[in-house]
Amino acid sequence: TPAKAGENMIMATIKDKDGQVISTLADIEITGNLPAAGISDVLVKGQNTGNGMWHFMFKEMIIPGDWKLKVDAFINDFDKVTFETTVPIK
């Protein structure tokens, strides 16, 4: 939010394969890239707000484009699950 150039807020909830919220994650990090502008590996750490909800403030989204986000959800100190998505910033 608001998916416009400038500071953006991302809220994330990670669920298991059965759709149940995983509230015991050790940490979540998002790495942002905007290849068209030569921006890579902008790391933003999440803040656990409780009940499986994580809050991120992504101040670096100052250039519009299709930002590639890699989400690393750390189950514990040794195990993590990674997935990627694209977010269009206007």
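The values are calculated or read from the model by the stated rules, or taken from the named source; none is laboratory data. Here the structure is a predicted model, which is why all the values come from computation and not from measurement. Because the Cβ atoms are built from the backbone with ideal geometry, glycine has one as well, and the counts that use them run over all protein chains shown. Just so you know, the surface numbers come from the protein's heavy atoms only, side chains and all, with ligands and any DNA or RNA stripped out. Shrake-Rupley method; radii C 1.70, N 1.55, O 1.52, S 1.80 Å.
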Q) Take the residues of region 18-42 that are among the charged types (D, E, K, R) and within 15 Å of Lys80 (Cα to Cα): which is nearest to the chain's Cα centre (by Cα)? A) Glu29
Q. Looking at this structure, is Lys90 basic (Lys, Arg) and loosely packed, with under 15 Cβ neighbours inside 10 Å?
A. yes
Q) Ala3: at positive phi and of a type in the set (A, V, I, L, M, F, W, C), yes or no? A) yes
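Out of all the residues in region 46-90, which are assigned to a strand (DSSP E or B) and at positive phi? Explain how you work it out, then say what you get.
At the first step, the residues of region 46-90 found to be assigned to a strand (DSSP E or B) are 47-50, 53-58, 65-74, 80-89.
Within region 46-90, Gly50, Gly65 qualify.
Output the residue which, of all residues in region 54-87 that are touching a Lys or Arg at 6+ places or on another chain (Cβ under 7 Å) and open to solvent by 60 Å² or more (accessible area, probe 1.4 Å), is nearest to Lys4 (Cα to Cα). If you could, list the steps in order and put the result at the bottom.
Taking region 54-87 as the starting set, the residues that turn out to be touching a Lys or Arg at 6+ places or on another chain (Cβ under 7 Å) are 64, 72-74, 82, 84, 86.
Subset that is open to solvent by 60 Å² or more (accessible area, probe 1.4 Å): 64, 82, 84, 86.
Values: Pro64: 7, Thr82: 25, Glu84: 20, Thr86: 14 Å.
Of everything passing the filter in region 54-87, Pro64 is nearest to Lys4 (Cα to Cα).
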Q. In the set Ile10, Ile22, which member is within 11 Å of Trp54 (Cβ to Cβ) and open to solvent by less than 40 Å² (accessible area, probe 1.4 Å)?
A. Ile10
Q) Of all the residues that make up region 28-53, how many are surrounded by fewer than 16 Cβ atoms within 10 Å (Cβ to Cβ) and either acidic (Asp, Glu) or in contact (Cβ under 8 Å) with a residue 40 or more places away in the chain (or both)? A) 2
